[in-house]
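Let me begin by presenting the structure, written as structure tokens, before commenting on it.
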Amino acid sequence: MSGTAGSPGPSGPRLPGQTVVVLGGSAGIGYETARLARAEGADVVLVGRDPEHLRQAAVEIGAVSTAAFDATDPERLREFFAELPGPVDHVLVTAGGNYYARLADLDFTRVQGLVDEHLLLPLHLARAVVGRMRPSGALLFMGGTGGRRPGLGQVVSGAMTAALPPLVANLALELAPIRVNLIAAGFVDTPLSARLLGDELEKRREQLRTTLPIGRVVGPADVAALAVHLMVNTALTGATYDIDGGQQLT
Ligand SMILES: NC(=O)c1ccc[n+]([C@@H]2O[C@H](COP(=O)([O-])OP(=O)(O)OC[C@H]3O[C@@H](n4cnc5c(N)ncnc54)[C@H](OP(=O)(O)O)[C@@H]3O)[C@@H](O)[C@H]2O)c1
């Protein structure tokens with residue numbers, strides 16, 4: 001992989017004149033990927049729910065346009081792609097979150113929300129992009145590595161973690177030659193992680209610094225670098241790419 005997050009590679013921009021849509025582009029991994037894609041010459045389109053947050057991100061990144069809506073709304077998603085002025089090269093989905101709770105405490109509204117974000121959204125999106133994406137393009141989804149090992153409070157996130165790789169591999173067959181890949185992240189230092197951990201955030205960072213083989217915490221720019229690589233490397237489809245700093249090994 002050439003270049004570092006936030007700057008184009010030594011052999012020039014890798015996404016010149018391409019259009020990259022980020023569903024969940026106003027914060028975290030989506031924001032950093034949009035920023036890197038822009039630095040690599042792409043026109044970026046950002047989607048998020050909070051319009052003010054989105055507007056601010058668009059100004060910082062230099063996005064060509066934004067749309068504020070809930071990406072789990074299938075009809076709105078279909079309209080959004082139908083109304084885009086031109087074809088899209090790549091789509092990254094970072095809209096969504098995670099939910100950890102013991103069985104006895106499960107809030108089924110939140111469980112349904114997670115199913116909507118991580119299982120139904122990819123299916124609706126895959127339908128919405130047909131005829132709207134260039135054949136050389138890539139569709140990228142986010143999954144995780146933490147839920148691979150069973151643990152108390154992980155009954156829902158564990159099931160989502162297991163479901164996504166075959167979902168993505170099957171979509172790669174259905175949508176070919178458009179490529180479809182999954183990024184499976186461990187802990188990434190984003191606003192989502194800050195919300196989930198609250199006062200425990202700094203303790204978690206310190207624990208990861210001392211236990212991860214890479215000796216540092218994985219940040220959203222690390223994931224952005226992988227996402228852009230998956231956009232430009234046309235040999236990659238139907239696969240899951242782990243990025244966790246070696247967290248699964250510890
Ligand atoms: N951070 C981690 O450690 C980690 C690890 C593994 C996997 N992941 C996954 O990676 C993805 C991105 O995580 P992140 O940490 O970057 O999250 P984040 O910091 O919370 O950013 C999420 C972005 O998505 C937008 N968004 C959320 N729900 C949306 C919806 N329904 N429709 C449209 N936009 C929506 C948010 O803006 P609005 O709130 O304004 O809509 C925001 O721009 C998530 O699916 C998460 O589960 C994260």
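Rule-based calculations on the coordinates, nothing more; no lab input. This one's a predicted model, so the numbers in the text were calculated from it and none came from an experiment. With ideal geometry, Cβ positions are generated from the backbone for all residues, glycine too; neighbour counts draw on all protein chains shown.
Charge dipole of the stretch 19-241 (Cα centre as origin; +1 on each Lys and Arg Cβ, -1 on each Asp and Glu Cβ, all else neutral): 520 debye, rounded to the nearest 20. When the charge dipole of the chain is built from unit charges on Cβ atoms (+1 for Lys and Arg, -1 for Asp and Glu) and taken about the Cα centre, the candidate among Leu192, Val168, Ala63 whose Cα reaches farthest toward its positive end is Val168. Multiplying the residue separation of Val130 and Ala159 by 0.36 nm and subtracting their alpha-carbon distance yields 7.7 nm. Put in line by how crowded their Cβ is, counting other Cβ atoms within 10 Å and starting with the fewest, Ile243, Ile29, Ile214, Ile61 read Ile214, Ile243, Ile61, Ile29.
Could you give the length gained on full extension between Asp105 and Leu197, defined as 0.36 nm per residue of separation minus the Cα-Cα distance, in nm?
31.3 nm
Secondary-structure-derived ellipticity at 222 nm for the chain, considering helices only, amounts to -12500 deg cm²/dmol, per-run term -39500 (n - 2.57) for DSSP H runs with n ≥ 4.
Among Ser11, Ser136, the ranking by other beta carbons within 10 Å of each residue's beta carbon, starting with the fewest, stands as Ser11, Ser136.
Residues Phe141, Phe187, Phe108, Phe81, ranked from the fewest to the most other C-beta atoms within 10 Å, line up as Phe108, Phe81, Phe187, Phe141. Magnitude of the charge dipole for the stretch 122-242, about its Cα centre and with charges confined to Cβ atoms of Lys, Arg (+1) and Asp, Glu (-1), is about 200 debye.
Farthest toward the positive end of the dipole of the stretch 19-241, out of Val130, Asn181, Gly30, is the Cα of Asn181, where the dipole comes from beta carbon charges about the Cα centre. For the stretch 184-250, the gyration tensor built on C-alpha atoms gives a prolate shape. Its axis ratio a/c (a ≥ b ≥ c) is at least 1.5, and a/b is the larger of a/b and b/c.
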